[in-house]
1. In the stretch 1-95, which chymotrypsin sites (Phe, Trp or Tyr not before Pro) fall in coil by DSSP and have 16 or fewer other Cβ atoms within 10 Å?
2. Need one number: nm distance between label points at Ala32 and Asp74, each 7 Å from Cα along Cα→Cβ, rounded to one decimal.
Amino acid sequence: MRTLAFPASFNPATGVIDASNIAGFSPAQTLAIIDATGAGRPTLYDPQTPGRGFASVAGSVMTLDYDASGLSADDTILIFWDDGMSTGDQLVALAAALSPANIVATLAGLSPTLLYPLLSALVASAPDLGADGSVPAIGDPMVDLSGFLVKSR
């Protein structure tokens with residue numbers, strides 16, 4: 001997914017940008033680097049434009065091809081990069097976290113002092129059987145004879 005980050009430092013005299021403060025950052029995933037406060041908001045890095053690449057890379061420290069000597073170390077530098085996760089990847093991770101198996105595993109790990117009040121609240125929120133013995137509508141929660149919270153069918 002496209003991500004915006006601010007590097008730890010920028011040295012315009014040497015053209016060095018230190019992005020070691022950005023978790024998971026890889027210079028290979030850089031889409032663009034812009035000086036947001038410099039005169040004319042120059043693009044310092046653009047992989048498609050000659051003279052706007054990297055002269056060298058060491059870890060998360062990049063030396064620009066661009067002559068940044070006219071800029072200021074106090075300028076706001078914006079790094080646009082792709083963290084490798086698409087929106088779909090994030091949705092899959094969210095779905096996995098909310099999966100019944102993960103919820104059961106999480107509940108199983110709770111201590112009884114936390115689990116019992118939670119289960120009591122869940123049971124209290126489940127509808128009772130009707131006076132005539134009817135069950136809730138299809139898909140509504142209910143407690144079965146074993147004491148498990150289930151969906152009616």
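1. Sites meeting the loop and neighbour criteria: none at all.
2. It is 2.6 nm.
Every read-out reported here was derived from the displayed coordinates using simple, explicitly stated rules and does not represent laboratory data. Computed from a predicted structure; not experimentally measured. FYI the Cβ positions are ideal-geometry reconstructions off the backbone, even for glycines, and counts take in every protein chain you see.
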